Amino acid sequence: MLHFRSIQSDNNLKEVIKSAFDMDLSVSGCWGYTLEEPTIIEDPEHTPAEELEYTIASMRTYIEMNMTLPKKERYGSINLTEIQRKEIKKNNLTYHEVTYSISAMKEELYASFINEYKEGFGKEDFDLAFHFKKRKEAAITREIKYYFELSKIL
């Protein structure tokens, strides 16, 4: 199984998100790798908690699989799908433990598939089904858990 380096929580989470993604989110805490170091959602700002959780998990995943890796090792076409959700109550706090399935492929390989598609689509000899079969086979899949603390909003 592929392993990606966890993001260190040396910096202010809100500032890292603003710097990397130009988004102002009302969050604090850590990157949610454990129940003891969750991402704290302070105010969803009219966004459903599940949607905000998905956005933050996508950011963490993109940092891990793309932004912090050397160019040749970066992944693109990164997609998250929620596969399980649990609510946990501990020490008068409420948490969500969310499991996501992530699919991705090497960024350079993904770019070559996009070019192949652009050049071949609409041509008689372009096998669209085979193209998407190759893309699916080139993708990796992994599962992650993400922990969010929601006591301030529930």
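All conditions but one from (1) under 29 Å from I153 (Cα atoms); (2) crowded, with 16+ Cβ neighbours inside 10 Å; (3) touching a His at 6+ places or on another chain (Cβ under 9 Å) apply to A49; the one that does not is (2). Tallying residues that are free of Cβ contacts under 8 Å to residues at least 12 places away in the same chain, hydrophobic (A, V, I, L, M, F, W, C) and not in a helix (DSSP H, G or I) within the stretch 89-140 yields 2.
Within the stretch 132-154, the set of residues being surrounded by fewer than 15 Cβ atoms within 10 Å (Cβ to Cβ), under 27 Å from S112 (Cα atoms) and of a type outside the set (A, V, I, L, M, F, W, C) comprises K133, K134, K136, E137, T141, E143.
For the stretch 41-58, the set of residues classified as in contact with a strand residue (DSSP E or B) (Cβ under 9 Å, 6 or more places away or on another chain) and in a helix (DSSP H, G or I) consists of A49, E50, L52, E53, Y54, I56, A57, S58, listed by residue number. When I63, I83 are screened for being crowded, with 16+ Cβ neighbours inside 10 Å and of a type in the set (A, V, I, L, M), only I63 passes. There is at least one residue in the stretch 18-40 that is over 22 Å from R135 (Cα atoms), assigned to a strand (DSSP E or B), in contact (Cβ under 8 Å) with a residue 12 or more places away in the chain and among the charged types (D, E, K, R).
None of the figures in this text is laboratory data; all of them are computed from the coordinates on show. Fair warning: this is a prediction, and the values are worked out from it, not measured in the lab. Reconstructed Cβ throughout: ideal geometry from the backbone, glycine too, with neighbour counts over all protein chains shown.
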